[in-house]
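The values are calculated or read from the model by the stated rules, or taken from the named source; none is laboratory data. The structure presented is a predicted model; accordingly, all values stated were derived computationally and were not measured. Neighbour counts run over all protein chains shown; Cβ positions are idealised from the backbone, glycine included.
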Amino acid sequence: MTDSILQNIKKIIPRRLFNALAPSYHYLLALAGATFYGHPSKKLTVIAVTGTKGKSSTTEILNSIFEAAGHKTVLLNTIRWKVDADSKPNTRKMTIPGRFFIQRMLGLAVTQGCDTAIIELSSEAAKQYRHKFLYLDCLIFTNLSPEHIESHGSYEKYKEAKLALTESLCNRLKSRSVIVANGDDKEAASFLACDAEEKYTFTLRDGGILDIKDDGLNFTWRGERIYSPLRGTFNLYNCLAAATCAEAFGISPRSIKEGIEKLSLIRGRVEFVRFPAESPLHQKQKFDVVVDYAHTAGSLTELYTTFSSQKKICVLGNTGGGRDKWKRPEMARVADTFCDEIILTNEDPYDEDPDEIIKEMLPGFKLHSPTIIMDRRTAIAEAITRAKSGDAVLITGKGTDPYICIENNKKIPWSDYEVAKEELEKVLSK
């Protein structure tokens, strides 16, 4: 509600005045929310995760580990909101909702006896002061690459917004002040430079003897051999980030192993569309259908290389609303490099012309002539129809997003997973 009020204000006052007043508005709103709910983050161990990629997955892995160790958790990420055992899908199409929502969820967690809050924080959240009065015990930094450049103005300003999340660590507002950073990322030093009391890094070398296969990950953590059904090197990084943080908070290697191994699925992140073994369609499916949130050139590269041994039929598009127009041909170049067949489709055009968004992707194609099918359901159906035994249909860009956003702030209810499952059923039933 507060965000819709802000949008209405934005329409009636000059842009320069709005930009001058917005920081004060966001700050006061954050203070009001925290005060109204009694500053609940002071009563919880609060672990936040930030970075360009892997935030949601890392929070899910960390939540599973803390639960395996007997903790009661509250979880807020792009995928879902959870207080102890009560979990609901994130239907806001935002990483972190409004300030009152965050504080209300944390307050509810306190009343229900939770001891640990695990929160995904984005640069947009920092820009709008949604992190203010969230008293962090720990911040995990996963990685940094260009994203939200139009919104922030430059890569450096985007980086500054991420670094702003270290503020409460530097101010030592809690009994512990912990930073956990990806030591393999070029920006690790910037995050480790904050005035946190405890500093930890993780690298691929921490995984011991690695075995990254088509069916999952095998690695070693503090002498424990761990198998995870999650796919790709990027998920190994996410596991190591969560394990490093958990160890810093006294969780045993055995519980870390248990938590990682019991997490078989992260919704919208390399999520396979399959029918259960008891379904008559199960045996008929000889190819993979995968839904993934990948929406940057880097995340597409990581996803496509994870399926390097299979022929890839790729469905993708790009977001409108002026969001990172520069990456449209870059993502196309990645698809052109790694995919065998490409279908371009509508994603979230907002107030832009969907056809123009696709046209801005086309200069990135040199090796392939992509098929353009603007209706997203039809595009997914076509990809599944083309698939043969051993192929992989990779549907990217939306993950668990519950809507397709179009002009005039309208939202069309949507689920890539459900649509893919419906179209797969039609194909297999023939």
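If a residue must be more than 21 Å from A392 (Cα to Cα), part of a strand (DSSP E or B) and not charged (D, E, K, R), how many such residues does the range 206-222 contain?
4
Determine if the range 316-323 includes at least one residue that is in contact with a Pro (Cβ under 7 Å, 6 or more places away or on another chain) and not assigned by TED's automatic domain parsing to the domain that holds L240.
First, pick out the residues of the range 316-323 that are in contact with a Pro (Cβ under 7 Å, 6 or more places away or on another chain): 320.
Now restrict to residues that are not assigned by TED's automatic domain parsing to the domain that holds L240: 320.
Yes, the range 316-323 contains a residue that is in contact with a Pro (Cβ under 7 Å, 6 or more places away or on another chain) and not assigned by TED's automatic domain parsing to the domain that holds L240.
Please go through the range 132-164 and give me each residue that is modelled with pLDDT of 85 or more, over 17 Å from the mean Cα position of the chain (by Cα) and part of a loop (DSSP other than H, G, I, E, B), ordered by number.
Once the filter is applied, which keeps residues that are modelled with pLDDT of 85 or more, over 17 Å from the mean Cα position of the chain (by Cα) and part of a loop (DSSP other than H, G, I, E, B), the range 132-164 yields L134, Y135, L136, D137.
Quick one: would you say Y227 is at pLDDT 95 or above, outside any helix (DSSP H, G or I) and either within 23 Å of L263 (Cα to Cα) or not assigned by TED's automatic domain parsing to the domain that holds A117 (or both)?
For Y227, the condition - at pLDDT 95 or above, outside any helix (DSSP H, G or I) and either within 23 Å of L263 (Cα to Cα) or not assigned by TED's automatic domain parsing to the domain that holds A117 (or both) - is met.
Tell me, yes or no, whether the range 329-348 has at least one residue that is touching a strand residue (DSSP E or B) at 6+ places or on another chain (Cβ under 9 Å), charged (D, E, K, R) and in a loop (DSSP other than H, G, I, E, B).
So far as the range 329-348 goes, yes, one or more of its residues are touching a strand residue (DSSP E or B) at 6+ places or on another chain (Cβ under 9 Å), charged (D, E, K, R) and in a loop (DSSP other than H, G, I, E, B).
Show the residue pairs that are 6+ apart or on different chains and have beta-carbon atoms under 9 Å apart, the first residue being within the range 363-382 and assigned by TED's automatic domain parsing to the domain that holds D336 and within 27 Å of S429 (Cβ to Cβ), the second being of a type in the set (K, R) and buried (at least 16 other Cβ atoms within 10 Å of the Cβ).
Within 9 Å, the pairs are R376/K398.
Tell me, yes or no, whether the range 381-396 has at least one residue that is surrounded by 13 or more Cβ atoms within 10 Å (Cβ to Cβ), within 24 Å of W326 (Cβ to Cβ) and among the acidic types (D, E).
no
Could you please give the count of residues in the range 172-205 that are part of a loop (DSSP other than H, G, I, E, B) and basic (K, R)?
Residues flagged as part of a loop (DSSP other than H, G, I, E, B) and basic (K, R) within the range 172-205 amount to 4.
From L192, L204, L236, L240, which residue is in the same structural domain as A69 (by TED's automatic domain parsing), closer than 30 Å to F287 by Cβ and in contact (Cβ under 8 Å) with a residue 12 or more places away in the chain?
Being in the same structural domain as A69 (by TED's automatic domain parsing), closer than 30 Å to F287 by Cβ and in contact (Cβ under 8 Å) with a residue 12 or more places away in the chain holds for just one of L192, L204, L236, L240, which is L236.
Looking at the range 165-201, which of its residues are of a type in the set (S, T, Y) and either at pLDDT 90 or above or under 12 Å from I140 (Cβ atoms) (or both)?
Residues satisfying the conditions are T166, S177, S190, Y200, T201.
Please verify whether the range 101-117 includes one or more residues that are under 22 Å from T296 (Cβ atoms), modelled with pLDDT of 80 or more and not β-branched (V, I, T).
no
Are any residues in the range 117-142 in contact with a strand residue (DSSP E or B) (Cβ under 7 Å, 6 or more places away or on another chain) and surrounded by fewer than 22 Cβ atoms within 10 Å (Cβ to Cβ), and if so, which ones?
Y135 - this is the single residue of the range 117-142 that is in contact with a strand residue (DSSP E or B) (Cβ under 7 Å, 6 or more places away or on another chain) and surrounded by fewer than 22 Cβ atoms within 10 Å (Cβ to Cβ).
Can you tell me which condition D84 does not meet? The list is (1) over 30 Å from K186 (Cβ atoms); (2) modelled with pLDDT of 80 or more; (3) in contact with an Asp or Glu (Cβ under 9 Å, 6 or more places away or on another chain), and all the others hold.
Going through the list (1) over 30 Å from K186 (Cβ atoms); (2) modelled with pLDDT of 80 or more; (3) in contact with an Asp or Glu (Cβ under 9 Å, 6 or more places away or on another chain), D84 breaks only (3).
How many residues, within the range 230-254, are farther than 17 Å from T73 by Cα, hydrophobic (A, V, I, L, M, F, W, C) and in a loop (DSSP other than H, G, I, E, B)?
So the answer is 1.
Would you call A297 under 17 Å from the mean Cα position of the chain (by Cα), free of Cβ contacts under 8 Å to residues at least 60 places away in the same chain, buried (at least 16 other Cβ atoms within 10 Å of the Cβ) and closer than 30 Å to K159 by Cβ?
On the way: under 17 Å from the mean Cα position of the chain (by Cα): yes; free of Cβ contacts under 8 Å to residues at least 60 places away in the same chain: yes; buried (at least 16 other Cβ atoms within 10 Å of the Cβ): yes; closer than 30 Å to K159 by Cβ: yes.
Criteria met by A297.
Tell me whether the range 306-316 contains one or more residues that are under 26 Å from I384 (Cα atoms), in contact with a helix residue (DSSP H, G or I) (Cβ under 6 Å, 6 or more places away or on another chain), assigned to a loop (DSSP other than H, G, I, E, B) and modelled with pLDDT of 95 or more.
There is no residue in the range 306-316 that is under 26 Å from I384 (Cα atoms), in contact with a helix residue (DSSP H, G or I) (Cβ under 6 Å, 6 or more places away or on another chain), assigned to a loop (DSSP other than H, G, I, E, B) and modelled with pLDDT of 95 or more.
Which one is surrounded by the fewest Cβ atoms within 10 Å (Cβ to Cβ), of the residues in the range 182-205 that are of a type in the set (F, W, Y) and within 16 Å of K53 (Cβ to Cβ)?
Here the answer is F202.
If we scan the range 255-268, do we find a residue that is closer than 25 Å to R80 by Cβ, in a loop (DSSP other than H, G, I, E, B) and touching a Gly at 6+ places or on another chain (Cβ under 8 Å)?
Checking the range 255-268: at least one residue is closer than 25 Å to R80 by Cβ, in a loop (DSSP other than H, G, I, E, B) and touching a Gly at 6+ places or on another chain (Cβ under 8 Å).
If we only count strands (runs of 3 or more DSSP E) wholly inside the range 42-104, which ones have 3 or more residues that are crowded, with 22+ Cβ neighbours inside 10 Å and of a type in the set (A, V, I, L, M)? Before the answer, list the steps.
Values: elements: 45-50, 73-76, 80-83, 86-89.
Filter on the range 42-104 gives 45-50, 73-76.
Across the range 238-267, which residue is surrounded by the most Cβ atoms within 10 Å (Cβ to Cβ) among those that are in contact with a strand residue (DSSP E or B) (Cβ under 6 Å, 6 or more places away or on another chain) and more than 21 Å from I212 (Cβ to Cβ)?
Here the residue is C245.
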